[in-house]
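Here the structure is laid out as structure tokens; the discussion comes afterwards.
The values are calculated or read from the model by the stated rules, or taken from the named source; none is laboratory data. Here the structure is a predicted model, which is why all the values come from computation and not from measurement. All Cβ positions, even for glycine, are placed from backbone atoms using ideal geometry, and neighbour counts span all protein chains on display.
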Amino acid sequence: MPSITIDNKKIEFENGMTVMQACELAGAEIPRFCYHEKLSIAGNCRMCLVEMEKGPPKPVASCAMPAGDGMVIKTDSEMVKKARKGVMEFLLINHPLDCPICDQGGECDLQDQAMYYGFDKTRYEENKRAVQNKNMGPLVKTIMTRCIHCTRCVRFSTEVAGVDDIGLLGRGENAEITTYLEKTIESELSGNVIDLCPVGALTSKPYAFKSRPWELTKTETYDVFDGIGSSIRIDTRGKKVLRALPRINEEINEEWISDKSRFAIDGLSRQRLDSVYTKLNGKLQKSNWDHAFSLIHDQIIKTGKQNSVFLSGKFTDAETLFAAKKFSESLKSFYYDCRFDNAQFIENSNESFKFNSTIQEIENSDAILLIGTNPRWEAAVLNARIRKAFLENNCQIGVIGPKVNQTYRYNHLSDSLNYLNKLSDGNTDFNKVLNNAKNPLIIIGTSAINTADGKKILETSAALAKKIQKNKDINPLNILYQDISRVGALELNFYNKYFDNNYNLQLKKHIDNNKPVVFLMGLDEVDLSILKNAYVVYLGHHGDQSASVADVILPTPAYTEKTSTYMNIEGRVIQTNKCHNPLGEAKEEWKIFRVLSNLINHQLKFNNLSELRDEITKNFNQFTSINELKPNKNITFAKVNKIDDIKIQYNINNFYMNDSISRSSETMALCTKDILNKAA
Amino acid sequence: MHHPGTNNKVYKKINDNFEWSSENFKKISEIIKKYPSNRIQSAVIPLLDLAQRQNRGWLSKNSLEKVAETLSMSYIRVLEVATFYSMFNLEPIGKNFVQICRTTPCWLRGSDKLSRVAQEVCETNIGETSDDKKFTVVEVECLGACCNAPMVQINDDYYEDLDEKSFKKLLQDLKTNKSIKAGSQIGRKSSQPERKLDA
């Protein structure tokens, strides 16, 4: 390995590294503004200057200089200090001194580095420049005078987000960052430019003037707004969630989160169910737990224990699912299910509902077949990986499903699922692409498998996947679920064959025949007319659709208010942390089922969360190891079926508002208005 | 100082339809052929120039967007290039685009006076367009003809070795639509010595 000497310390480095990366290996921290690991190198801020012996007589920008064997670098010499001080002085010439009213204050790269390299007073007597603020939409607030032209935002939107919206106009003193004609950034990842901006030029509009970073309680947890379970940090003050920020997690979200994960949090303090409601004379009224429990108990006995229905929703965690399942089984009822979107899977084959290849593997892929999925909306961060593959490996992407605007070029193969027949025959052009690819992947969305033919489609796709599999360690068959709850629910066997093929129809049949008690665990994605004859008990945190037809409402904590276990689409077990206490009277769902079971038959034995978790891991050992993946390399259900002409319709209509939290969010409503409805 | 080329805004008051003329359309395919097929965006500068010539010396919103569509680039990328170079005008200009060099050699040789003359004859201020739309007068930095200072550029041609009188005449001729002679106004060839050297 080549070696380099940094501050008299000799270290080895890998070929292709830059001087800056080598310095980091050696433990020498280099200040920077424009350089970012995940973006291309620009080299325009000049903050990372270092001295190179036997090199040019002037300092070099370490971020753009490739490290070479035998180089001697100094990062703390007089020359370096002087150079950086000079750069800092230039940067500060036109930077306003408005830190006291700047939202970046306290977490600002420029502020921090000015503490080390800044002069205490200015030598500049000319006029400072002022730049007009730009409109970038409802999420990103701009104060462009603060901009230091690092172009991180330009590179992010072009490279990662895949929307050529932001650009640097003019040059020299007249340079300005803007969007074309000041239009809104039309990206699901636009919020990340706020984190990338090293100064306060791009800040969060909803968070403007809300808080200072040192006032916030920071909790590391996971995101629940899509299936991938991004690592996030929630910043709270008291019982109010003020910010959601990404944490670095190379295996899932790299450094990004979607705008929904970041900005839907204002929905957490609106439309909340904070106390128990029961129906009296056809009207929901505030009530108390004891009364609600006795009502539910009486109804369960009246309508027949064995008829009770338990349906899970988008955010239902493993604890709730397990407790509900145990409770249901203790009532001798097996009417529980999680497949509210009617997506099918193959029983006893857990690779039929997982993202088997792992999310990270997308990067290495060179051919991807998307079947009935719009990843840009279903998992925006995952879509950034597909774009990465497209840019870096020239990945060929084929789409079966309606044409939508993706952030990469793709071959539109067909609108109809019967194209799978052709792919099975193996004579299409895309077959060649898949066969020639070193690492092909198939990604199936729920829009393709939400009919009675779903199983057939899975089997046929599995056969295709088996045919194209090149590497025995990478399973090319991927199912992309849109919600965080589903994979865990299916792993916990939270389904009943009764609901196979047509969830709504079977549910309606059961409800109309038996008029049972239906427990909705945060389920709002259900046709309300089906519930007409049921006694609805709604366990949830938002007064959304289902709450309006509920007979009893039991408030439960939202995802930031409890610690829960989820399984993401890959089958990775993640555990969220409690960021603050639940609002109002909210109680965890498992506690509710535990109390109900006391009233009825004393069958649930767990007394606290750890006992419950022990019981889960005892019964389902796939929940034992947290954050570890045991990839499923086999495909057991491959079978070629004849597929009918089924036209795909994506089952996601609005990226910004498709669950109870984001539907309550003002910011998301604004995005829908400004971005989606404007574009249409 | 105002200059229609150093402006970061797209002019929105006039926005005529822009379609390539058939002649330019042929030129475009020639230009694009000069670049590798996956790098045709490199043709953005020649195409912007073509568009500017076709659009009476400036780039309107529609012409910028046309260039972007021709090269399958995003609008912002084209606008970045158009705003970077001061030779691309983003505002309407007059029939004669008078660029007076004001860098040191020309200044020492009296470019200030030329600037005054221009404002007088064209009846406009520096950086602005006359009411009759015949002239836009701007001051620019070195145009690289210092040997023949002071000089101005009017549209595509250089007019050199000027003084107040000759420049005034030049502009008045332009005003009355008379044809004028490009190059040195004292009759010397390129930058030969001004006086005959003693033998």
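Within region B:149-191, the set of residues being acidic (Asp, Glu) and on the phi > 0 side of the Ramachandran plot comprises B:161 only. The condition of being surrounded by fewer than 21 Cβ atoms within 10 Å (Cβ to Cβ) and assigned to a helix (DSSP H, G or I) holds for only one of A:431, A:427, that being A:431.
Whether a residue is at pLDDT below 95 and closer than 30 Å to residue A:209 by Cβ was assessed, and residue A:105 passes this test.
Contact annotation: residue pairs with Cβ atoms under 8 Å, 6 or more positions apart or on different chains, pairing a residue in region B:71-88 that is within 7 Å of another protein chain (Cβ to nearest Cβ) with a partner that is assigned to a helix (DSSP H, G or I) and charged (D, E, K, R), are B:75/B:65.
Just checking, which of A:264, A:201 is small (Gly, Ala, Ser), within 29 Å of residue A:547 (Cα to Cα) and crowded, with 21+ Cβ neighbours inside 10 Å? Every option except A:264 fails the conditions. The set of residues in region A:531-548 being assigned to a loop (DSSP other than H, G, I, E, B) and over 33 Å from the mean Cα position of the chain (by Cα) consists of A:534 alone. Annotation for region A:76-83: at least one member residue is part of a loop (DSSP other than H, G, I, E, B) and either free of Cβ contacts under 8 Å to residues at least 60 places away in the same chain or not aromatic (Phe, Trp, Tyr) (or both). Based on this model, can you work out whether residue A:217 counts as farther than 23 Å from residue A:358 by Cβ, of a type in the set (Ser, Thr, Tyr) and surrounded by fewer than 16 Cβ atoms within 10 Å (Cβ to Cβ)? Here the answer is yes, as residue A:217 does meet what is asked. The strands (runs of 3 or more DSSP E) found entirely in region A:549-661 that carry 1 or more residues being of a type outside the set (Asp, Glu) and surrounded by fewer than 20 Cβ atoms within 10 Å (Cβ to Cβ) are A:573-575. Of the residues A:232, A:248, the single one that is among the hydrophobic types (A, V, I, L, M, F, W, C), crowded, with 23+ Cβ neighbours inside 10 Å and over 24 Å from residue A:676 (Cα atoms) is A:232. Does residue B:23 fit the bill of being within 11 Å of another protein chain (Cβ to nearest Cβ), in a helix (DSSP H, G or I), at negative phi and not basic (Lys, Arg)? Against the criterion (within 11 Å of another protein chain (Cβ to nearest Cβ), in a helix (DSSP H, G or I), at negative phi and not basic (Lys, Arg)), residue B:23 does not qualify. If you check A:507, A:528 for being more than 29 Å from the chain's Cα centre (by Cα) and of a type in the set (A, V, I, L, M, F, W, C), only one passes: A:507. Among the residues making up region B:120-174, those that are closer than 16 Å to residue B:191 by Cβ and small (Gly, Ala, Ser) are B:144, B:145, B:149.
Among the residues making up region A:465-485, those that are over 17 Å from residue A:374 (Cβ atoms), surrounded by 24 or more Cβ atoms within 10 Å (Cβ to Cβ) and not hydroxyl-bearing (Ser, Thr, Tyr) are A:465, A:475, A:476, A:477, A:484.
Taking residue A:298 as the residue in question, decide whether it is over 30 Å from residue A:36 (Cα atoms), surrounded by fewer than 23 Cβ atoms within 10 Å (Cβ to Cβ), among the charged types (D, E, K, R) and free of Cβ contacts under 8 Å to residues at least 24 places away in the same chain. When the stated conditions are applied, residue A:298 passes them.
Against the list (1) in a helix (DSSP H, G or I); (2) surrounded by 15 or more Cβ atoms within 10 Å (Cβ to Cβ); (3) of a type in the set (D, E, K, R), the condition residue B:91 fails is (1). If the condition is being in a loop (DSSP other than H, G, I, E, B) and among the small types (Gly, Ala, Ser), then region A:333-360 contributes A:333, A:343, A:349, A:357. Scanning region A:137-160 for residues that are in contact with a helix residue (DSSP H, G or I) (Cβ under 7 Å, 6 or more places away or on another chain) and in a loop (DSSP other than H, G, I, E, B), we see that the one that is nearest to the other protein chains (Cβ to nearest Cβ) is A:137. Entry remark, region B:41-62: residues being outside any loop (DSSP other than H, G, I, E, B) and closer than 17 Å to residue B:86 by Cα number 11 in total. Within region B:151-176, residues that are closer than 15 Å to residue B:97 by Cα sit with their Cβ atoms under 9 Å from residues that are of a type in the set (Ser, Thr, Tyr) and in a helix (DSSP H, G or I), at 6+ positions apart or across chains, in these pairs: B:151/B:111; B:152/B:111; B:159/B:166.
Determine if region A:377-391 includes at least one residue that is part of a loop (DSSP other than H, G, I, E, B), out of contact with any Lys or Arg (no Cβ under 9 Å at 6 or more places or on another chain) and surrounded by fewer than 24 Cβ atoms within 10 Å (Cβ to Cβ). Taking every residue of region A:377-391 in turn, none turns out to be part of a loop (DSSP other than H, G, I, E, B), out of contact with any Lys or Arg (no Cβ under 9 Å at 6 or more places or on another chain) and surrounded by fewer than 24 Cβ atoms within 10 Å (Cβ to Cβ).
Does region B:60-69 include one or more residues that are farther than 21 Å from residue B:26 by Cα, under 16 Å from the mean Cα position of the chain (by Cα) and touching a residue at least 12 places away in the same chain (Cβ under 8 Å)? Checking region B:60-69: at least one residue is farther than 21 Å from residue B:26 by Cα, under 16 Å from the mean Cα position of the chain (by Cα) and touching a residue at least 12 places away in the same chain (Cβ under 8 Å).
The criterion of at least 1 residues that are within 14 Å of another protein chain (Cβ to nearest Cβ) is met, among strands (runs of 3 or more DSSP E) falling completely within region A:170-287, by A:176-179. Scanning region A:40-65 for residues that are closer than 18 Å to residue A:152 by Cα and assigned to a loop (DSSP other than H, G, I, E, B) yields A:40, A:41, A:42, A:43, A:44, A:45, A:46, A:47, A:48, A:62, A:63, A:64. Summed over region B:34-61, residues that are within 24 Å of residue A:177 (Cβ to Cβ), surrounded by fewer than 18 Cβ atoms within 10 Å (Cβ to Cβ) and within 13 Å of chain A (Cβ to nearest Cβ) total 1.
Take the residues in region A:123-136 that are within 14 Å of chain B (Cβ to nearest Cβ) and over 28 Å from residue A:666 (Cα atoms), then tell me which one is surrounded by the fewest Cβ atoms within 10 Å (Cβ to Cβ). The residue in question is A:130.
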